[in-house]
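Down below is the structure, laid out as structure tokens.
Nothing in this text is a laboratory measurement; each read-out follows from the coordinates by a stated rule. Remember, predicted model here, so these are calculated numbers, not experimental data. Cβ atoms come from the backbone with ideal geometry, glycine included; neighbour counts cover every protein chain shown.
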Amino acid sequence: MKKPFKNSNAILLTGGKSRRMKKDKKFLKTEKGILIDGVISQIERLFNDIYISVSKTSDFILPGYKIIRDLFPDKGPLMGILSALAESDKKTNFVIAADIPEINKDFISELHSYTGDYDIVVPVSGKDKYEPLFAFYNRSVINEIKSMIDSGTNKIVPLFFRCRTKFVKMEKNNWYRNLNTPEDYLGYLQSLKID
């Protein structure tokens, strides 16, 4: 089957410590199965290659997928993005967190449509509410990320203002969820029963 974004790779970030959830989010159970399996099944229909980003000390493996360990420990998702971009064989890469259970192909297509002109394409909703872990990153940002990390900056948002970034308004986003807390998780499970 032809993949709509065959010239881009997907990077699935799984290295978070799940502090607020108090359990590893990628293994949360839903009516659709384990959370990470559901995310992968959706993105593998869209992208040829999926890189699984994990923390430096992780022993997580997933047969059939390339596992990318952080170059340095405890630097947060910016390090995960850097480490995976450095390994990617494609210029354009879609970064998604493992705690985003539902994917909207049409919205990803809208984001992708800007990748030829920008280094980063990121959704924004409300006032400056960015979604950096549901965004496209070009490998051209690698040196900028290295510079930020070397200077002690591990937050992603400042990167947007050091690169050519397109902010795409996220409208009609009732499909979009981040499962950060037990309440988020319970709300998602309830939404599956309603749907």
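Please compute the length gained on full extension between residue 29 and residue 102, using 0.36 nm multiplied by the number of residues separating them and subtracting their Cα-Cα distance.
Taking 0.36 nm per residue and subtracting the Cα distance, the gain is 24.9 nm.
Segment residue 192..residue 114, full-extension length gain: 24.9 nm, with 0.36 nm per residue of separation and the alpha-carbon distance subtracted.
With contributions of -39500 (n - 2.57) from each DSSP H run of at least four residues, the per-residue ellipticity at 222 nm computed over the chain stands at -8000 deg cm²/dmol. Averaged over residues, the count of other Cβ atoms within 10 Å places the peptides 150-159, 67-76, 132-141, 113-122 in the sequence 132-141, 113-122, 67-76, 150-159, highest first. With each label modelled as a point 7 angstrom along the Cα→C-beta vector, the residue 151-residue 37 pair spans 4.5 nm.
Summing Cβ point charges (Lys, Arg +1; Asp, Glu -1) relative to the Cα centre of the chain gives a dipole of roughly 100 debye. Positive-end ranking of 68, 191, 104 along the dipole of the range 53-195, with charges on Cβ about the Cα centre, is headed by 68.
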